[in-house]
Amino acid sequence: MLSWSSTQSGTPADLAAIAVGEGDAGLPHGAELVRFTEALAGWDEAALAAARAALVAAAGEEFMIDAAAVAANFEMMTRVADGTGARFPEASAAHRAELDARLDIGSFTSAR
């Protein structure tokens, strides 16, 4: 979704940079967004508070709230899909394999 939406908005995201968690991924406020999302996925409350404050300072409180809502929605969608046993259609397997390789999904702790 991010690759599609960022391309549609005229600022294609560098998905590899996002997967590594470094740089700005070619997005406005990208460095702050990457830091914020990395902190959301962790357990360090101080890191999350600092990342949240940095994103608010760079882009404003409404932007940070939208970013948090998007992250929460993706987490919810993943849990619903996992819980229902939903799987990607075979027609998208080749594209998914290429994207998974680009993002090194297999090295993620949650990879199955």
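Bear in mind these aren't lab numbers, they're just calculated from the coordinates by the rules spelled out. Remember, predicted model here, so these are calculated numbers, not experimental data. Every residue, glycine as well, gets a Cβ built from its backbone with ideal geometry; the counts of neighbours run over all protein chains shown.
Which angle from 0 to 90°, rounded to the nearest 10, does the C-alpha axis of helix 61-84 make with the longest principal axis of the chain?
Rounded to the nearest ten degrees, it is 20.
Counting each pair of different Cα atoms once, what's the Kirkwood radius of the stretch 53-112 in Å, rounded to one decimal?
This gives a value of 14.1 Å.
Give, rounded to the nearest 20 debye, the magnitude of the charge dipole that the stretch 23-77 has about its Cα centre when Lys and Arg contribute +1 at Cβ and Asp and Glu contribute -1 at Cβ.
The dipole magnitude comes to about 60 debye.
Counting Lys and Arg as +1 and Asp and Glu as -1, each charge on the Cβ, what is the dipole of the stretch 9-112 about the Cα centre in debye, to the nearest 20?
320
Where in the chain lies the longest segment free of chymotrypsin sites (Phe, Trp or Tyr not before Pro) that are both loop residues by DSSP (not H, G, I, E, B) and have at most 13 other Cβ atoms within 10 Å?
Numbers: sites that count: 43, 108.
Looking at the chain, 44-107 is the longest stretch - no exposed chymotrypsin sites (Phe, Trp or Tyr not before Pro) with at most 13 other Cβ atoms within 10 Å.
Given that just one value was derived from the coordinates, which of [x] 2, 10, 16, 24, 23, 14, 8, 3, 0; [y] 2, 10, 18, 19, 16, 14, 11, 6, 3, 1, 0; [z] 2, 12, 24, 27, 19, 10, 5, 1, 0 is P(r) over Cα pairs in 5 Å bins from 0, in percent?
[x]
What's the angle, to the nearest 10 degrees (0 to 90), between helix 30-40's Cα axis and the longest principal axis of the chain?
So the inclination is approximately 70 degrees.
Run lengths n ≥ 4 of DSSP H only: what is the helix-derived mean residue ellipticity at 222 nm for the chain, with -39500 (n - 2.57) per run over all residues, to the nearest 500?
So the helix-based figure for the chain works out to -20500 deg cm²/dmol.
Taking the stretch 1-93, which trypsin sites (Lys or Arg not before Pro) meet the DSSP loop condition and have no more than 16 other C-beta atoms within 10 Å?
Qualifying residues, ordered by number: 87.
Relative to the longest principal axis of the C-alpha atoms of the chain, give the angle of the C-alpha long axis of helix 93-103, reported between 0 and 90° and rounded to the nearest 10°.
Around 40 degrees separate the two axes.
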